[in-house]
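**Student:** Can you keep this structure in mind? I'll have questions shortly.
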Amino acid sequence: MLAGPDVEALLDRIPVLQGLPRTVRELSGGLTNQNLHVTTPGHDYVVRVFRGDTALLGIDRDAEHDNTRAASAAGVGPGVVDYRPDLGLLVIDHLAGTTLGNASFADPGVLDRVATACRRLHAGPRFTGDFDMFRRQATYLSIVRERGFRLFEGYTDFLDDLEAVRRALAVHAGPTVPCNNDLLAGNFIDDGARVWIIDYEYSGNNDACFELGNTVTECDLDDDQVAALVTSYFGAPERHLMARVRLQSVVSEYGWSLWGVIQDGVSPIEADFLAWGRERFEKAAATFRSPGFGRLLEGAAGAG
């Protein structure tokens, strides 16, 4: 992690910051970036300093840059100021507003603004690259096995269930749209009038229902909030749309849980990645085992 003189030396190599008085503070929450809020006279920036094993995690920094620019053009992401792969950093505009937490979604207005932000992103310019959690989950699982990382007991018991989900979702699959794919609450910034979306490390064109399903699980939405989010996004909580979102939520949980396993094996950061992953795996396993799982499959495949 950069600190003190190392940070200043790095910032001195960024043209927009050179020769200006500035204050620097580290933003919390970064696991594969160190995020620095840099204030200069008249403007605020965020400098995202890359860290972590991006190859193992499937992060494409060039695509992240391209897609952050596309999200900005869509009116939902921060402006891109500079991209320096040689220095391992991306400079973006700082967005003023409140970073959401899971409790924020108790406010119906927040849910509406989140749905509007997702629609705006999804209607914007196509992203560089596609994101398919079924393929990513298989890749992550191969890495876990090859490296001998600790895998949750019973994880592979649900591979056939995951395949059943893939088949059900394929029945009425529509065109893919530009998606962030990693919408934990901290990646939403609410300025009171609109919600902005940040952090495009895992972005790519995908099923809009994955975006919503990922939001459902990462932000821990209850049944009423799920219905409100789906209604705000699609206009009505139709059965097949609710089923698609719920199934994509499980796909998100089951796939991203392996991200925690890989990070547990390789990351130098002091964080309980295994507990993070286990929480998602246990959510997915509970749905796979539930009496309602079959109804979700039928709901997603049975109506268009």
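**Student:** Which value at 222 nm does the chain reach when only helices count, each DSSP H run of 4 or more adding -39,500 (n - 2.57), with the total divided by all residues and rounded to the nearest 500 deg cm²/dmol? Please report the intermediate quantities before stating the final value.
**Tutor:** Details: 11 runs with 145 residues, N = 304.
The per-residue figure over the chain is -15000 deg cm²/dmol.
**Student:** Now for a separate question. Sort largest first and round to whole Å: the equivalent ellipsoid semi-axes of the range 68-155, each the square root of five times a Cα gyration tensor eigenvalue. Before the final figure, lay out each step's value.
**Tutor:** Details: eigenvalues 185, 98, 46 Å².
Taking √(5λ) for each Cα gyration eigenvalue gives 30, 22, 15 Å.
**Student:** Follow-up. Want the number for Ala123 to Gln18: 0.36 nm per residue separation, take away the alpha-carbon distance, what's left?
**Tutor:** Taking Ala123 through Gln18 to full extension adds about 34.1 nm, to one decimal.
**Student:** How many percent of DSSP beta bridges within the chain run antiparallel, rounded to 5?
**Tutor:** In the chain, DSSP labels about 95 percent of beta bridges as antiparallel.
**Student:** Moving to a separate point now. Using only Cα atoms, find the angle between the long axis of helix 293-302 and the longest principal axis of the chain, and express it within 0 to 90 degrees, rounded to the nearest 10.
**Tutor:** So the helix axis and the longest Cα principal axis differ by about 90 degrees.
**Student:** Then there is this: Among Glu201, Glu238, Glu218, determine the one that fluctuates most according to a GNM of the chain built with springs between C-alpha atoms less than 10 Å apart.
**Tutor:** With Cα springs under 10 Å in the chain, the top fluctuation among Glu201, Glu238, Glu218 is at Glu238.
**Student:** Now for a different question. Using a Gaussian network model on the chain with a 10 Å cutoff between Cα atoms, which of Glu211, Glu26, Glu64 fluctuates the most?
**Tutor:** Glu26
**Student:** Which value does Rg/Rh take for the range 5-93 over its C-alpha atoms, Rh per Kirkwood?
**Tutor:** 0.95
**Student:** In µm²/s, what is D for the chain at 20 °C and 1.002 mPa s, where D = kT/(6 pi eta Rh) by Stokes-Einstein and Rh is the Kirkwood radius from Cα pairs?
**Tutor:** Here the translational diffusion coefficient equals 107 µm²/s.
**Student:** How big is the equivalent ellipsoid of the range 135-253 along its three axes, where each semi-axis is √(5λ) from the Cα gyration tensor, reported in whole Å from largest to smallest?
**Tutor:** Values: eigenvalues 136, 69, 37 Å².
Each semi-axis is √(5λ); the values are 26, 19, 14 Å.
**Student:** What angle, in degrees between 0 and 90 and rounded to the nearest 10, separates the Cα long axis of helix 208-218 from the longest principal axis of the Cα atoms of the chain?
**Tutor:** 80
Any read-out appearing in this document is the output of simple, stated calculations on the displayed coordinates, not a laboratory observation. Every value quoted in this text rests on a predicted model; they were computed, and no experiment measured them.
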